[in-house]
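Before any comments, here is the structure.
The values are calculated or read from the model by the stated rules, or taken from the named source; none is laboratory data. The model shown is predicted, which means the values in this text are computed figures rather than measured ones. Virtual Cβ from ideal backbone geometry, glycine too; neighbours counted across all protein chains shown.
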Amino acid sequence: MRPPADTLLGSTLEGRYRIDAPIARGGMSAVYVGADLRLGRAVAIKVMDARYSGDPSFLRRFEFEARAVAGLKHPGLVAVYDQGIDDGVAFLVMELVEGGSLRELLRERGPMPPHAVTAVADPVLGGLGTAHAAGLVHRDVKPENVLISDDGEVKVADFGLVRAVAEAGVTSASVILGTAAYLSPEQVESGEADARSDVYSTGVMIFELLTGRTPFHGDTPLALAYQRLSYDVPAPGDVVAGVPEEFDELVLRATERNPADRYADGFAMQRALLDAADDLNLPPFTVPAPRRSAERETMARMRAAHPAGADAASPHPTRVQSQPEPMGSEPPPPPVPQDDLVVGTRRPRVVDDATRSADRPGDNALRAVLWIALVLLLAVAIGAVAWWAGATYLS
């Protein structure tokens, strides 16, 4: 049975934002590639589930959080451009990060060494710290909400949506306010959260980046969430050999069950991370975007469906990146480079004689001149031989 058609595709919100193609869909919202028709740029448009659009409490909080996040300026945060409600559709317009999510990168390449973890966590913590200083809390830090661009930028997305949903009158067993694997103990116990709750979730995420798994497991999301009320997050080095002690200490402090024992906010944890990196003399690193991502697939489908109008739908289509640095010892094989897209990596072209002549029209004339010169040289040589033979015979 076919899924119902998405009635939003091709529509324009508030006469300005055209919805072109879906990127991702979750319990609370769907994300689309779109176009800002007024400014002529590609954007990401997050459309909230219809259950929330009619709830006044949600709409008030949604607008408040969107305005607050739009005022934040940090390279580690996905920029929020606009928000609105059009005919019952609540939406958020954001920067389109061309690349993919940290979750997709983890699926491709597995656990990361400490220098790659630092390159991811540094901008994440900087972005969180900027929000914390403004009195905002993310409440849902996880790899799905960390985006990586083709230029190696790392950005946190989806600030404020969990709080807006939490204040809505809508209840649903299918909606988990904050992914269970990353929730802090206080979020599980009372639903309250502050900057230290984001610190806890970031500590769990760093644990996963180092080990390839989350620290707790359960048969249900509820059972998984409640484990953190009774158990501490283990040191990553207890799960994977070779993790530096400095990173064990970072994770253990960030994930203390008592919020008072954690880093106070994102900036405090960022300083501890960078101190550890300095102590270990870790090299700088550019985080590679995932090669296969929902965003890439969406852009590829758009270009295939509208080859002539792809630029109109997306002024900055997803780029093909050159081979990234490996994060671990065995990175997957690099994609085949494309001559006109990958800088500095050109494969030789195999061209037959006919193609070579067609590529360079002057070759035929040059070849004719060479043949004439060769014939003249042979004639001169034959004449000289004949002259020498005749002279010898007469003598």
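When segment 20-36 is filtered for residues that are more than 14 Å from GLU95 (Cα to Cα), aliphatic (A, V, I, L, M) and touching a Phe, Trp or Tyr at 6+ places or on another chain (Cβ under 8 Å), the ones remaining, listed by number, are ALA21, MET28.
Taking first residues from segment 192-216 that are over 20 Å from ASN258 (Cα atoms) and partners that are of a type in the set (S, T, N, Q) and surrounded by fewer than 24 Cβ atoms within 10 Å (Cβ to Cβ), the Cβ contacts under 9 Å between residues at least 6 apart in sequence or on separate chains come to GLU208/THR214. Step by step: first the residues of segment 50-102, then only those that are acidic (Asp, Glu) and surrounded by fewer than 21 Cβ atoms within 10 Å (Cβ to Cβ), then the one that is nearest to ASP122 (Cα to Cα). Which residue is that? Checking each candidate, the answer is GLU95. Among the helices (runs of 4 or more DSSP H) confined to segment 173-239, the ones with at least 1 residues that are surrounded by fewer than 17 Cβ atoms within 10 Å (Cβ to Cβ) are located at 185-189, 221-226.
Condition check ((1) over 23 Å from ALA272 (Cα atoms); (2) in contact with a strand residue (DSSP E or B) (Cβ under 9 Å, 6 or more places away or on another chain)) across all residues:
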| site | (1), (2) |
| --- | --- |
| ALA70 | yes, yes |
| GLU95 | yes, yes |
| PRO111 | no, no |
| ASN145 | no, yes |
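Taking the criterion of being buried (at least 22 other Cβ atoms within 10 Å of the Cβ) and charged (D, E, K, R), the only residue of segment 28-49 that qualifies is LYS46. For ASP265, the test of being in contact (Cβ under 8 Å) with a residue 12 or more places away in the chain, surrounded by fewer than 19 Cβ atoms within 10 Å (Cβ to Cβ) and of a type in the set (Asp, Glu) is failed.
Just one of the listed residues (VAL170, VAL156) is aliphatic (A, V, I, L, M), at pLDDT below 95 and under 22 Å from LEU92 (Cα atoms), and it is VAL170. In summary, ARG271 fulfils each of the numbered conditions (1) basic (Lys, Arg); (2) in a loop (DSSP other than H, G, I, E, B); (3) at pLDDT 95 or above with the single exception of condition (2). Checking segment 248-259 against the condition returns no match, with no residue being out of contact with any helix residue (DSSP H, G or I) (no Cβ under 8 Å at 6 or more places or on another chain), more than 28 Å from ASN281 (Cβ to Cβ) and part of a helix (DSSP H, G or I).
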